[in-house]
Amino acid sequence: MVAVFGSSATEPGSNAWEEAETVGRLLAEAGFGVVTGGYGGSMEAVSKGVAERNGQVVGITAPALFPERTAANPHVGLLIEAESLLERIGAMFDRACGVIALPGSIGTATELAIAWNLNHIARHNDAGRLPTAAVGQGWRTYTNSWSGGWEPSRTMSSRSALARRP
């Protein structure tokens, strides 16, 4: 499973939606399922792309945090309801062999920062890293500010490493 994070506000038919759907299709064609937050926007677009290729889609929602979101998107094959934001994010990382952060906002930035931090800790402990990709030029501003100009690729794994993971 690849954890895919992205905006819940991505609209169907937009370029961002089409790109997210393509990411889902490509992951499924490479043999990966996805785990997402399970709701709409980029999460739904990625899920749709995977489901169209008969891949596995896990959605981890948090109904208590998002009462206005009435249900998971229709492409989720396995729904898991988390009680808190930390439980939700932890459950996604527990199932992931890699991470993709699509364009998003504060929630996606938080999830990307967690992936980056897990890789930073793994590097210092000689542990396996979680291949992580931040898609879109917009993430460069965040990663540069987090790193003080230090290149994120020193702690994030390469995209090719994701292709080697089951």
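Structure values in brief
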quantity: Which of Met1, Met43 has the fewest Cβ neighbours within 10 Å, and the rest in rising order; calculated: Met1, Met43
quantity: Gain upon complete extension [Gln137, Gln56; 0.36 nm per residue less C-alpha separation]; calculated: 26.3 nm
quantity: Residue order, fewest to most beta carbons within 10 Å, for Thr36, Thr110; calculated: Thr110, Thr36
quantity: Measure of compaction for the chain (Cα Rg per 2.2 N^0.38 Å); calculated: 0.97
quantity: Vicinal HN-Hα couplings computed from phi for segment 96-103 (Karplus, 6.51 cos²θ - 1.76 cosθ + 1.60; Hz; Gly/Pro x); calculated: 8, 9, x, 9, 10, 9, 7, x
quantity: Rel. contact order, % - alpha carbon contacts under 8 angstrom, at least six apart, the chain; calculated: 22 percent
quantity: For segment 32-46, Karplus couplings with θ = phi - 60° (6.51, -1.76, 1.60), whole Hz, Gly/Pro x; calculated: 9, x, 10, 10, 10, x, x, 9, x, x, 4, 4, 6, 4, 4
quantity: Helix-only mean residue ellipticity at 222 nm for the chain, each DSSP H run of n ≥ 4 adding -39500 (n - 2.57), per residue, nearest 500; calculated: -13000 deg cm²/dmol
quantity: Gyration tensor verdict on segment 1-95 (Cα atoms; rounded if a/c is under 1.5, prolate if a/b is larger than b/c, oblate otherwise); calculated: oblate
quantity: Between helix 15-29 and the chain: long-axis angle, C-alpha atoms, 0 to 90°, nearest 10; calculated: 80 degrees
quantity: Normalised alpha carbon radius of gyration of segment 43-98 [divisor 2.2 N^0.38 Å]; calculated: 1.13
quantity: Antiparallel %, DSSP beta bridges [both residues in the chain], to 5; calculated: 0 percent
quantity: Potential extension, Ser145-Glu81 segment - 0.36 nm per residue separation minus Cα distance; calculated: 19.7 nm
quantity: Rounded to 10°, Cα long-axis angle of helix 106-124 versus longest principal axis of the chain; calculated: 40 degrees
quantity: Nearest 10 degrees, 0 to 90: helix 85-95 Cα axis against the chain principal axis; calculated: 80 degrees
quantity: Projected-area mean, segment 18-68, by convex hull of Cα positions, square nanometres; calculated: 3.2 nm²
quantity: Residue order, fewest to most surrounding Cβ atoms within 10 angstrom, among Arg53, Arg25; calculated: Arg53, Arg25
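Where a number appears in this text, it was derived from the coordinates with a stated rule and is not lab data. Predicted, not measured: the structure shown is a model, and the values here were computed from it. Please note: Cβ atoms are built from the backbone with ideal geometry, for glycine as well, and neighbour counts cover all protein chains shown.
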